1. Given the options 273, 254, name the one that is basic (Lys, Arg) and at pLDDT 90 or above.
2. For segment 284-302, state whether one or more residues are farther than 26 Å from residue 136 by Cβ, touching a Pro at 6+ places or on another chain (Cβ under 7 Å) and of a type in the set (S, T, N, Q).
3. Report yes if residue 229 is buried (at least 16 other Cβ atoms within 10 Å of the Cβ), at pLDDT below 95 and of a type in the set (A, V, I, L, M, F, W, C), otherwise no.
4. What pairs can you find where one residue is in segment 260-285 and over 19 Å from residue 310 (Cα atoms), the other is charged (D, E, K, R), and their Cβ atoms are less than 8 Å apart, with a gap of 6+ or different chains?
5. Looking at segment 241-255, which of its residues are surrounded by 14 or more Cβ atoms within 10 Å (Cβ to Cβ) and closer than 28 Å to residue 211 by Cβ?
6. Given the residues 238, 198, which is the only one that is exposed (fewer than 15 other Cβ atoms within 10 Å of the Cβ) and in the same structural domain as residue 134 (by TED's automatic domain parsing)?
7. Quick one: is residue 84 over 29 Å from residue 118 (Cα atoms), modelled with pLDDT of 75 or more and in a helix (DSSP H, G or I)?
8. Out of the residues in segment 290-324 that are over 25 Å from the mean Cα position of the chain (by Cα) and within 26 Å of residue 122 (Cβ to Cβ), which is surrounded by the most Cβ atoms within 10 Å (Cβ to Cβ)?
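The values are calculated or read from the model by the stated rules, or taken from the named source; none is laboratory data. It should be emphasised that the depicted structure is a prediction, and the values quoted were computed from it without experimental measurement. As a convention, Cβ positions derive from the backbone with ideal geometry for all residues, glycine included, and neighbour counts pool all protein chains shown.
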Amino acid sequence: MNEAPPTHRETLQQQAVAWHVRLTSGAADEAVLAEFEQWRRQGPEYEQAYRAVEAVWQKLPSPILADRQRRLALAAKRRRANHARRGLGLAAAASLLLLILRGFYPDYLQHPLADYRTRIGEQTSITLADGSIAHLNTDTAIDVTISGSERRIALLRGEAEFDVAHDAGRPFRVTSGTTTTEALGTRFVVRYDGQAGSVTLLQGRIRSSRPSAQGAQTDSATLSPGQQITFDAEKLGSLRSVELNNADAWRRGRLLMNFVPLKQVIAEINRYRRSQIRLLDDNLAEREVNIAVDIQQIDAWLQALQQTLPIKVVEAGPFVFLRS
């Protein structure tokens, strides 16, 4: 399955939000409904984009929904008096909804046509047609292509562990940006945020490479178990050793990190939360910590953190702040 270009995807998101606002404004007549149906029937990606907006709308907190209903009722009273103002109101509502979607539910809008994906906080395991297993971590999207000569996975974003079924005649390749990792029969983890990422070998043997714009291989590295390599759009990094028990701890519902800055811990934890945690103290951000966190009990870990470190947890609506 091919992902729509980012510019086209963003346009679809904006159009879907605008249609949702129009259709729920109380002013949609038969002509508007017919126009919407024409828009939606242009392709499956249009339908998918609108369904994503609908799904997010149902998950919004009730105070936001109640405020929306109040505003719609007020707009209805003014509709006949000033049509131009109503149009501006709908545009503002669309902008607000799009801001909410991107701020709290970005995963609903990213890669809607991926073959497999998880939402923020979700994990799943998928058995592929060749018998290999892809374990998807939080906020992850992949496309899968299996042919008679090759098994290719495109990691569009997120993190996945691959338990590869041996098949010498069909190489197993994972692409993430410009980097391709190839294995014959092995277990490895690939992580990618759209700009940079890492490959960690758990078992077996793999090779990571990055082609140039002309297609020639410019960087290549062969990994042994317990090694990790980072990459970005320009180059592969250097090989380094990692603790295997930590590398795939998320498969067991845990986050394990040793001697790392607190800001790195918070960045990792935020991958599993819609309501993001923010650090308000630069010195606190650089403090090295060791953590063992149950992914399903992050709030409890935050409260316990106050008992072990000079940290105050401040909750403000959907936001959580940490300060000294």
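1. Numbers: 273 fails: at pLDDT 90 or above.
On inspection, the qualifying residue turns out to be 254.
2. no
3. Working: buried (at least 16 other Cβ atoms within 10 Å of the Cβ): yes; at pLDDT below 95: no; of a type in the set (A, V, I, L, M, F, W, C): yes.
No.
4. Close Cβ pairs satisfying both conditions: 271/139.
5. The answer is 242, 247, 248.
6. Working: 198 fails: exposed (fewer than 15 other Cβ atoms within 10 Å of the Cβ).
Answer to the selection: 238.
7. Values: over 29 Å from residue 118 (Cα atoms): yes; modelled with pLDDT of 75 or more: no; in a helix (DSSP H, G or I): yes.
The answer is no for residue 84.
8. Per the criteria, the residue is 305.
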